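All remarks here apply to the structure that follows.
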There are 2 protein chains.
Amino acid sequence: MSNKTKASITDMLRASNLSITDTRVKILELFIDSNGALEHSSFEKLAGHSFDRVTVYRTLQTFLDKGIIHSIPTTDTSIRYALCKSDCSEHDHHDHHIHFKCEECGNTICLDETTVPEIQLPKGYAAHNIDVVVSGVCKECK
Amino acid sequence: MSNKTKASITDMLRASNLSITDTRVKILELFIDSNGALEHSSFEKLAGHSFDRVTVYRTLQTFLDKGIIHSIPTTDTSIRYALCKSDCSEHDHHDHHIHFKCEECGNTICLDETTVPEIQLPKGYAAHNIDVVVSGVCKECK
DNA sequence: TATGTTTATGCAGCAGTGTTGCGTAAATAA
DNA sequence: TTATTTACGCAACACTGCTGCATAAACATA
């Protein structure tokens, strides 16, 4: 990872009023490198057990609270997270893109260009957030 | 629950080549009565600990395999299940409706009348299934 | 650069969730 | 009614996520 990216990571943390620690920098690096969604166990594997499990949980929770990452619904018991785009903040959080889970490689990625369509709910329902998860085969595995 | 519904439950099981057992009948009753999505812990509560945990897990897995129920993505660690409509089968499974999770009462329901809109994926991606989960406030809690 | 304060980390331990193996009990087929 | 197949219940285990507390690191201030 280039120094330039490392510098932007510290900027990200500072912008959210978070102190710069090894764990936080490393986890953000993993998110940037992976270019997709990661679950908790991925960090333990990718970071080579250099961090305590609890630290990873707390770091992810902190990032969630600050709007740095968002969670992605799954039909299994793990929770997946991905980096938010720059237009998300602590108090105005939104995912306007859809998620794609590849059945071949198992990766989940954010399709940032693809917007969530309008959905007409029955009378009496108020929507705050819409999650769309498409499963299938990605362009790498095709 | 009426005898008529009980009869249709045994028909459902027979149609999927499943033997009729107390556990399976009771779990299907709970699905029908709840009219929404249930997670594993719900069965233990609703059924009053009359079944072993393992039996409930295995029963749900069997129903999933046979296309009797489907799983609903969540951003927590529990897996939610709901009854499939009659046009699902073991080999042709599909959810063409959207799911609504109420932030007030916590219930997740299937909006069967509301269809999933067309989604234009980037080139190279093939979609097999689309899950849409809308969160907000349901008409009961409004 | 040194120092005090705040914040994050690591460890131990706990609770909840889901799985596997195996002997027994129940359901179906004959 | 009996034989065979299938499901159930128990014990034990692995994995995931959380809390409390002592220690270590990061930051702000001088």
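The values are calculated or read from the model by the stated rules, or taken from the named source; none is laboratory data. As the structure is a computational prediction, the values presented were derived from the model and not from experiment. Backbone-built Cβ (ideal geometry, glycine too); neighbour counts: all protein chains shown. Side chains are part of the model used for accessible areas, which takes the heavy atoms of the whole protein and leaves out ligands, DNA and RNA. Shrake-Rupley method; radii C 1.70, N 1.55, O 1.52, S 1.80 Å.
Between B:Ser34, B:Ser89, B:Ser71, B:Ser8, which is open to solvent by less than 60 Å² (accessible area, probe 1.4 Å), at pLDDT below 95, within 14 Å of DNA strand C (Cβ to nearest atom) and not β-branched (Val, Ile, Thr)? Give the derivation first.
On the way: B:Ser34 fails: within 14 Å of DNA strand C (Cβ to nearest atom); B:Ser89 fails: within 14 Å of DNA strand C (Cβ to nearest atom); B:Ser8 fails: within 14 Å of DNA strand C (Cβ to nearest atom).
When all the criteria are applied, what remains is B:Ser71.
Restricting attention to the stretch B:37-47, report how many residues are among the polar types (S, T, N, Q) and near DNA strand C (Cβ under 9 Å from one of its atoms). Reasoning before the result, please.
The first filter runs over the stretch B:37-47 and keeps only residues among the polar types (S, T, N, Q), leaving B:41-42.
Right, trim to near DNA strand C (Cβ under 9 Å from one of its atoms) and you get B:41.
Qualifying residue count, the stretch B:37-47: 1.
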Scanning the stretch A:110-126 for residues that are open to solvent by less than 50 Å² (accessible area, probe 1.4 Å) and assigned to a strand (DSSP E or B), which turns out farthest from the other protein chains (Cβ to nearest Cβ)? A:Cys110
(1) surrounded by 14 or more Cβ atoms within 10 Å (Cβ to Cβ); (2) of a type in the set (D, E, K, R); (3) modelled with pLDDT under 90 all hold for B:Lys66 apart from (3)
